[in-house]
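Below is one structure; the comments refer to it alone.
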Amino acid sequence: FFFFQAEDGIRDAQESRGLGDVYKRQVHGMSICVHSSLNNVDHIQRRLGHMIDCLEAERSFFTKNNKEIEVQGESNSFIKNYHRSYFALPTRVNYVVQSLEVPHYLHEDNPKLHLLGYLMEKTTLHKEIREKGGAYGSGCVFKNDGILSMYSYRDPNTIETYSAFELAVKNILNKNFSEEDLTEAKLSLFSRLDTPKPPQDQGLSQFLINLSDDNRELYRGRLIGVKKDDIINACQQYLIPKLKQQETSQVIFGSQEVNLIDLAEKGWKIDRPIENLGEQQEEEQQLSLIHI
């Protein structure tokens, strides 16, 4: 499988004149990612090298950087990293998110956590972040690969919003939701599950996370049987330990007018992507002048 990444491409009505034409206006070049078993790596490297040589011969502006192909084998260990990053931007509103790892879609407790996320959004996050905090919106997103994220967008607040996230979890533990709320959550999730999906999306889900029709039916059966105590137990088992041990990532895309020094002293990593982009563009301009 080949994944081509480009910063720019053909977006007008003109017909493409070839692969090289797509990247003629490309600034940072082309990246190629190949997924395969290790016993095919040598063969793929030869074919990939041949393809790049053909592109270079066909298009004079296409030059390879002679960087060796990096092979990441199965022996490479994955190290989890948790981030606390503030991206300072020229904006008056903020985008706040907190993410943590929970069991995968096929795990028996996954439906409980999916319902838990819906309940946190409807019973607490909307009220605290949008109605009281003045944000344009908020919510809780649950990904099939096992990532739960609470978020706000166009939010006048920054780190204060994390108090609302914490309150949402506490309200679940304190049973501050009704059987009616749980039933509404189930109906909402079933409506999403029953939404028709294009064939290519179904195939992709099965390829990426083994989400077959049988697994979908198993999920539906588990979802129906979830009770109020199951939601509370799932919160205690999966969310509370992560929050206590700070095994979560917190990221804010926010205003550059806030006290960034104070945030840094509180342990936030400050990044200024717009300034960095300006420096990068200036460096590229200088390099282009040198080549001329």
remark   = Taking the stretch 244-263 and the residues there that are open to solvent by 50 Å² or more (accessible area, probe 1.4 Å) and part of a helix (DSSP H, G or I), the one that is nearest to Gln98 (Cα to Cα) would be Lys244
query = Taking the stated definitions as given, is Phe142 in contact with a Gly (Cβ under 6 Å, 6 or more places away or on another chain), among the aromatic types (Phe, Trp, Tyr) and closer than 30 Å to Arg216 by Cα?
reply = yes
query = Do we find that Phe142 is within 25 Å of Tyr105 (Cβ to Cβ), open to solvent by less than 50 Å² (accessible area, probe 1.4 Å) and in a helix (DSSP H, G or I) in this structure?
reply = no
Filter pass, Arg154 being charged (D, E, K, R) and at pLDDT below 95 = no
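The values are calculated or read from the model by the stated rules, or taken from the named source; none is laboratory data. Note that this is a predicted model, so its numbers are computed, not measured. Please note: Cβ atoms are built from the backbone with ideal geometry, for glycine as well, and neighbour counts cover all protein chains shown. Calculation scope for accessible area: heavy atoms of the full protein, side chains included, ligands and nucleic acids excluded. Shrake-Rupley method; radii C 1.70, N 1.55, O 1.52, S 1.80 Å.
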